[in-house]
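Shown next, in structure tokens, is the structure this report addresses.
The values are calculated or read from the model by the stated rules, or taken from the named source; none is laboratory data. The model shown is predicted, which means the values in this text are computed figures rather than measured ones. All Cβ positions, glycine included, derive from the backbone under ideal geometry; neighbour counts span all protein chains shown. Remember, those area values only see protein heavy atoms, side chains included, never the ligands or the DNA or RNA. Shrake-Rupley method; radii C 1.70, N 1.55, O 1.52, S 1.80 Å.
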Amino acid sequence: MNSGKTVFTQLMDFLPVHEFRRCVARYRGQYRARSFSCWDQFLCMAFAQLTYRESLRDIETCLRALGGKLYHLGIRGHVSRSTLADANETRDWRIFADFARTLMLTARPLYAGDPLGVELEETAYALDCTTIDLCLSLFPWARYRRLNAAIKMHTLLDLRGSIPVGIDIKPAKIHEIRVFDQLLPEPGAFYLLDRAYLDFARLYTLTQCLAFFIIRARKDFRFRCVASRAVDKSTGLRCDQTIRLVSFYPLQGYPENLRRIRYRDGGTRNHLTFLTNNFSLPTITIPQLYKRRWQVELFFKWIKQHLHVKAFFGTTPNAVKAQLWIAIITYVLIVKLKHRCQLRQDLNEVLQILSVTILEKTPVLQLFSEVQRANDIDSFRNQLMLFEI
């Protein structure tokens, strides 16, 4: 990379600008835009995500303090709080949603060869959602219960690389099962689902599409055991059964056999019951694979802790969705940077380093190499001190 570029500019070079322009043209994002383009808006919001800005006034103050450096960051328009607020509220959030999906498609092949932690060649997805609380007086359109408001971010996560494949942002009052209807099953893939998605008619749709699912069972569902297999109870397994539903409506929804596996978690000592339509995987692989579903919870935790998604720069649905999608773009961008530069730091450390060096003109690879070298020296010194003791 050119050492004359700032770290921020080098990071933005990872983005396909031509694809962004296509998204802008698709939704007429430049309509009546004079001096502050959609790209300027995105760069300002990405700068806010990378440097932990707290408000529009904070963004305005920091960027105006840079003076002539704004041009070298790629920002050509005049940055003001009112202009940025108007852009967030009026420019279609689908511009950033489509651009994020484009980045997801380019990021997934980078991690396609990563180990999953279990012996599985097929693709494995985790489907779940997280709730983002809002103030009811400021966001009345997102009313959830009588005294609060919230939105839900529904996410389909590729477990290899923790790359989101599909994201949908809806008011929290819409149940998760409604979003399940929008899923386009991939033949041969595994879908790891929470109990909130337990609907036998919808699960049968996955079976008809030649996809597999693993889901936690409820305690009160009725079934008839058709066959049973021997299991090694020293591994925590308790049973592996082929079952058939007996209640009228569940049987109408899922008329074929299911596989029921009971497992005792050695760490929590909880008894877990799994249902799946896959009869070929080894029994112990089912609970091991389902444990990987926790990656989607870690994804939600990382997004909420390290990006600006709890407080919003605007109160309209368009402003909220635009900010969330730009946060997702920032996450995918950091994931791509980590892989392309083969960085040894985790995502949290990468973001922290970027936040304090965003305006330096050091090449990105050299920047992280120096940080890693300093960490290695400190680690070596600590080992020497322990040896002397």
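Assuming R0 = 35 Å, what is the FRET efficiency of E186 and T131, from their Cβ-Cβ distance, to the nearest 0.05? Mind dumping the intermediate values first?
Numbers: r = 27 Å, r/R0 = 0.76.
It comes out at approximately 0.85.
Report the antiparallel proportion of the DSSP beta bridges in the chain as a percent, rounded to a multiple of 5. Present the calculation step by step, with values, prior to reporting the outcome.
Numbers: 40 of 48 bridges.
Looking only at bridges with both residues in the chain, the antiparallel portion is about 85 percent.
HN-Hα J couplings of the stretch 270-281 from phi, Karplus 6.51/-1.76/1.60, θ = phi - 60°, integer Hz, Gly and Pro as x?
So the J values, rounded to whole Hz, are 8, 9, 10, 10, 10, 10, 8, 9, 9, 10, 9, 5.
List the relative contact order of the chain as a percent without decimals, with contacts defined as Cα pairs under 8 Å and 6+ residues apart. Show your work: numbers first, answer last.
Details: 595 pairs, mean separation 81.4, N = 389.
With pairs under 8 Å counted, the relative contact order is 21 percent.
Which lysines does K233 reach when only Cα atoms under 20 Å apart count, and residues fewer than 8 places away in its own chain are ignored?
The qualifying lysines are K291.
Going by the alpha-carbon gyration tensor, a ≥ b ≥ c the square roots of its eigenvalues, is the stretch 279-368 rounded (a/c under 1.5) or, if a/c is not under 1.5, prolate (a/b greater than b/c) versus oblate? Let's see the in-between values first.
On the way: a/c = 3.00, a/b = 1.33, b/c = 2.26.
Oblate, because a/c is 1.5 or more while a/b does not exceed b/c.
If you count only protein heavy atoms with a 1.4 Å probe, what accessible area per residue comes out for the stretch 104-209, rounded to a whole Å²? Could the numbers behind the result be given before it?
Working: 4860 Å² over 106 residues.
Here the per-residue accessible area is 46 Å².
Hey, what D do you get for the stretch 193-340 in µm²/s if you plug the Kirkwood alpha-carbon radius into Stokes-Einstein at 20 °C and 1.002 mPa s?
On the way: Rh = 18.1 Å.
Estimated diffusion coefficient is 118 µm²/s.
Is there a pair in K173/K304; K5/K170; K5/K310; K219/K304; K301/K338; K173/K336 whose C-alpha atoms are over 30 Å apart, and which pairs would that be?
Numbers: K173/K304 20 Å; K5/K170 39 Å; K5/K310 32 Å; K219/K304 32 Å; K301/K338 19 Å; K173/K336 34 Å.
Pairs exceeding 30 Å: K5/K170; K5/K310; K219/K304; K173/K336.
In deg cm²/dmol and to the nearest 500, what is the mean residue ellipticity at 222 nm of the chain if only DSSP H runs of at least 4 residues count, each as -39500 (n - 2.57), divided by the residue total? Provide the component values of the computation, followed by the final result.
On the way: 15 runs with 168 residues, N = 389.
Value at 222 nm, helices only, nearest 500: -13000 deg cm²/dmol.
Rank by packing, highest mean first: peptides 113-125, 198-210, with packing defined as the count of other Cβ atoms within 10 Å averaged across residues.
Numbers: 113-125: 14.7, 198-210: 16.3.
Ranking the peptides 113-125, 198-210 by packing returns 198-210, 113-125.
Determine the shape class of the stretch 171-222: with a ≥ b ≥ c the square roots of the Cα gyration tensor eigenvalues, call it rounded for a/c under 1.5, and otherwise prolate if a/b is greater than b/c, oblate otherwise. The partial results should precede the final answer.
Details: a/c = 1.98, a/b = 1.15, b/c = 1.72.
It comes out oblate by the Cα gyration axes.
In a GNM of the chain with a 10 Å cut-off on Cα contacts, which of F248, F96, F223 has the highest mean-square fluctuation?
With Cα springs under 10 Å in the chain, the top fluctuation among F248, F96, F223 is at F248.
Within the chain, what whole-number % of the accessible surface is contributed by carbon and sulfur, with the 1.4 Å probe and all protein chains included in the calculation?
Numbers: 9850 of 19390 Å².
About 51 percent, which is the carbon plus sulfur part of the accessible surface.
Would you mind checking which residues have amide H under 5 Å from G166's amide H? H placed 1.01 Å from N; only 5 or more apart, or other chain.
Long-range HN contacts for G166: L156.
Report the chymotrypsin sites (Phe, Trp or Tyr not before Pro) located in the stretch 250-317 that are in a DSSP loop and have at most 13 other Cβ atoms inside 10 Å of their Cβ, or state none.
F279
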